[in-house]
Structure formats: structure tokens, C-alpha cells
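Remarks on the structure that follows.
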């Protein structure tokens, strides 16, 4: 996906035009910092692509595309506080570099900024644009709350987990594509199909993310393999294992939970998961969501070249060879 | 202002119709709790009044009025975290009753909810409605940041302080009135005049608030007299005193800053302030902002009955007899 790089650069260039005021510097410096930490800018790219596929040009959906990235960054700043995450994109998080109060308030301003961008939409589509954005934004917050709840719950089901990742991350991918389609005045059906495509690819992507945590090639993987296991996170791998264990294996899982030797912890967990064929089960679920996404893609009234672009993007996101 | 009570009840009734989902309960229970803590609902009442004065009915500006109250409550929930405030309206704050993470996230949802309400505006005024709201919302955040900065600064000027209270609280009062006028399609000039009126009354109100902290009748005052002095807050009284002290009195002020006997601290501070005629100077400033508000009121093209309502509201807010 070399084309992706030029889109990322285009978005970075457009984001660079966003002028944050100089004062109060404590409010706007964190935003200047965080918005230039980088990333692939997947969400705004989805909006541009969704727009182009239905006849828009790269220029016609810029504010809406940027609003998706701005919203994503707002949610990262606030989530990082809630998750007490010290690092984001290899740099200190806002609450770590400044303090939690500044992270709360600069996040708030960023959410308002997303609405300022959306407000640039033509009046005739503005109500629909806001409706899509509002619904999605609330869902993302609900997903984050579910994720926090799961930390202290011991009865999380696989379907609850899927619903959590759907809300927390996948709806924003679907909405980003749909936003572009909406700006290009695609039909309601086409908007729905492209939304469904994005949402299901998003779920497949998150499942893949869970699988990679334990099964990635350590040389290619950017972070510590087994990080979720070490942190006792209730990922899909873990929940799938729990759904398959015997009473005896359940005891082993409990012991591993408290294992202090992290090398041993990761190794033994993988052995147990392998025995339970957890990876295969999760890959199957991922393929199911991928296939559902492809079913939606099939129905979208766009030409094959555009469909190929969406497939390439999906493949890139999911890296199915892993 | 008996009429106010019926407006408050009307707003409470309309707020009661806002349906928060049941799940995730950790996200929506805090909002149900906080939105029913009460208060006079001044901001939505201003929107309804601003609307009625330019020909609207009580029904025509409800979503916009509610959005002002919802935004105000969002900012209170987040400010309470930042200020580590344990109590709001005699009840535990959200971060205290639940936890800071829940207060961050439920506040975020409330801000989005404000936009959902605004999105119900007729499409032809929606861009202007959003523009007014976005500008105001950013200003309120900037005011909160300035307020936080002042805590650790020792060179805050009176004009910076006035700018802080203007942004943190007064622009929202001006915007609430203007929002109502905008929904009633008042002319741009009239919108500006009613905004200026509300903003200047807001500044006068905040100055009065500062004065009352130290000079209120203890029997009538709902909270501890001298609370700002005890907390070493840089109020207008304090900043005015600082602008008037001799080097010798500056030393006294420094000693009072560290005085542990709070009764003595409040008494001695008041004696010093009285000697410096701080109260009179602040009252003079308050009257100046009040008079400026009245100048704007004079220019608004509404009938005398409506002007009398705005004057009664201003008097009620400022309680000039204190």
C-alpha cells in the first residue's frame, strides 16, 4: 500500500494547517504536541477514500476527514489518562508529560475542535454529518466504559468482548468511511454497506491485534510479545481459552495469573493456549468478520477498481499472513 | 423573581425527558445523578428568555436551552475533577462518588449530548448555532486553564483576572441569551447587544461573588464566610488589595497567607482589606460592568416589558443590596 503513504502525508499536511492559538499555552502546547506524534492517519484516509469512491475529490471531504482524526486523538488523550498509560507512539502521553488536569482539558478542547471542523460541512448535509458523528462518538465512549468494566469483571463473555471492541474502535472505522460517502451524497444503502464493511474489518483487525500480541514474529513486532498476557488482560485469546478449559486447566490459568517470572508466564500460557487451539478459534472468528465485511463490500455500488482499493486496505490492516 | 421558579421547573421537566440509556450503567448513572442535583438552571432560562423577547415561544428553543445546561454540567463535572472538589450542590461530586475515570468519560458523553441537542436546530440556523456554541465552549475551557494557571502564579493582574472570569463563566451567560435570540432570528446587532448584556452581567455577578465570600451576611450566606481567604484564592478582593498595599502591608499579607488560625486569618484579612478600601473598589468595578450591561440593554430592539424582565433578572443575579 504505497498509495497509503501519500494519503498519510496529505492528511499530515492538512492537519498542519490547523491553527491552535498561542494562549493559554498550557492548553494548546499539548495539542500541538499530540497531533504531531504521527500515526498512519487511517481514519481520515478512510473518509477521503469513501468520498472519492462516490465521486468526491480529495479536497471535498477534508474537514470531515480531519474531524475523524481529531476525535480519535481526543479519545486517545482521555483513554491514556484512564488507562494510566505512560507512553503513546514511543513518546510520553499528555498526562505524563504535563499532568492529568491538562490532559482532561486539552482533550475537551480537541473534541470541540472536531465539531468545529464538522461545522464546515455544507448546510444541506450538516444535520446528517452531525448525526453520524454524535452517534459514533457516544458509542466510542460506551466501548471505553465497557473496557474499563471488564478489568474488574470475571464473567466477561466472548460476545460482550466483541461488542466492546465494536464500540470502542470499529464503529469509528465504519463511520469514517460512511462520512466520506455521505459528503459525496452516496445513497443511504451504499452508506450503510460501506459502514458495515468498515465496522467488520475493524472487528477483524482488533481480533488480529489480540492474536499478534502472543503470536507475532518478535523480530517484526514493535512491542513486547505477550504484553497482554503479562498484564493479565482479558483479550479474545484469554476469553476463548476460558471458554474451553477443563477444571484442571482452569487451575493452571489461575496459577499463571500470579506467575512472577514473566518469561515463564508467557511460555506456559502459550503452551496452554496451543493445547486448547485458541489461536485457530480466534483466527476463525477473524475470518468470519472479514468475510462479512467482504459480503458488504460486494453490495456497494462502486466500480471494481475502488473495491480493489478497499480490499487492499483491509488486507493491509489485517496482515492476514500473520 | 417568582417567574424564575416556573421557568426552572419547566427546564427541570424538559431535562427529565432526556433519556440516558441504561447500559453501560457506570457511564449513565453518574449523568442521571448529576443532572438532577438541581440548581437554578439560569443558562437555559436565559436562552428561553432571549428567544421569547424576539418573538419565540417557550417551545421553540428547548433543545438549544437544554444544550446550554448540559454543557454547563459537563464543565462542572470536569472542573470538579481538576479542582479536586469533593462537594457540588451539597452532594458528592461525580469523581468522588464514583471515580475520576468515570467522571472524565461521563463528562465527555455529556458534551456530545449537548451537540446532539443542538443538532435538532432547523438546518437553516444550524451552522450559526454551532458556531456560537463552539466558540463559547472553547472559551470556557480557556478560562478554566487560566484559572488553574493562576494558582501557581504570583503576578496575576486585575485585568487578567477579569479576562479569566469573562471566559470561564460570563461568555456562557452571554451566549445563552444570544442562542435564544438566534433561534428567534433576531438581527445580528440585537444578538450582539444581548450577548454583551449577558456577558457584562456575568462579570458583575462574578465580582459580586468574590465580594460576598468575605462580606456576606453569615446568616444568609450558604457557605463559610471567608472561604476564599482561607484557601488563599486569588480573588478580585485579593488582587485589588495587592495592587494597593505598602511594602509593610505586603508583609502582613504574606504572614496572613500562612496563618493557621482560620478565624484570625479571616478577621485580620478583612481588617486589612477594609483599611485599603478593597470592598469599595471592587463594588465600583462591579457597578461599572453592570452599567455597561445596561448600556447594551438600552440598544436592544425589544419592548420595555422585556427590558424590565432582563433588568429584574440582572438584579436577582447580582443582589445589589449586598
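Taken together, the values in this text are just the output of simple stated rules run on the coordinates, not laboratory data. Everything numeric here is computed off the predicted structure, so don't read it as measured data. Methodologically, a virtual Cβ is constructed for each residue, glycine included, from the backbone with ideal geometry; neighbour enumeration extends over all protein chains shown.
Structure summary
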quantity: Relative contact order (%) - criterion: Cα under 8 Å, at least six apart; region: region A:84-232; calculated: 15
quantity: Chain A, relative contact order in percent, only Cα pairs under 8 angstrom and at least six apart counted; calculated: 18
quantity: Extended-chain gain in nm, criterion 0.36 nm per residue less alpha-carbon gap, residue A:271 and residue A:250; calculated: 6.2 nm
quantity: Distance between modelled label sites at residue B:163 and residue B:288, nm, 7 Å Cα→Cβ extension; calculated: 1.6
quantity: Segment residue B:231-residue B:25, extension gain: residue separation times 0.36 nm, minus the distance between their alpha carbons; calculated: 70.6 nm
quantity: Nearest-first distances (nm) between copies at residue B:5, label 7 Å from Cα via Cβ; calculated: 7.3
quantity: Sites residue A:243 and residue B:89, calculated FRET efficiency, Cβ-Cβ separation with R0 60 Å, nearest 0.05; calculated: 0.80
quantity: Nearest-ten-degree value, helix B:25-35 long axis tilted from longest Cα axis of chain B; calculated: 70
quantity: Between region B:1-54 and region A:1-60, the alpha-carbon center distance in angstrom; calculated: 37
quantity: Nm distances between copies for residue A:92, ranked from closest, using label points 7 Å along Cα→Cβ; calculated: 3.3
quantity: Residues A:318, B:207, A:311, sorted so that the one with the fewest Cβ neighbours within 10 Å comes first; calculated: A:311, A:318, B:207
quantity: Computed label-point distance, nm, for sites residue A:316 and residue B:295 using a 7 Å Cα→Cβ extension; calculated: 5.9
quantity: Which of B:247, B:37, A:117 has the fewest Cβ neighbours within 10 Å, and the rest in rising order; calculated: B:247, B:37, A:117
quantity: Sites residue B:18 and residue A:40 - FRET efficiency at Förster radius 30 Å, r taken between beta-carbons, to 0.05; calculated: 0.20
quantity: On Cα atoms only, tilt of A:278-299 relative to the major axis of chain A in degrees; calculated: 20
quantity: Rounded, prolate or oblate (a/c below 1.5 giving rounded, otherwise prolate when a/b exceeds b/c) for chain A by Cα gyration tensor; calculated: oblate
quantity: Simple spin-label estimate for residue B:154 and residue B:257 in nanometres, 7 Å along Cα-Cβ; calculated: 0.5
quantity: For region B:78-159: relative contact order, % (alpha-carbon pairs under 8 angstrom, 6 or more apart); calculated: 17
quantity: Least to most buried among B:115, A:33 (fewest other Cβ within 10 Å first); calculated: A:33, B:115
quantity: Cα-based helix-to-principal-axis angle, B:304-318 vs chain B, degrees rounded to 10; calculated: 40
quantity: Region A:188-216 and region B:289-322: distance between their alpha carbon centers, rounded to Å; calculated: 57
quantity: Inter-copy label distances at residue B:304 (7 Å, Cα→Cβ; nm, one decimal); calculated: 8.1
quantity: Nearest-0.05 FRET efficiency for residue A:185 and residue B:305, computed from C-beta distance (R0 56 Å); calculated: 0.70
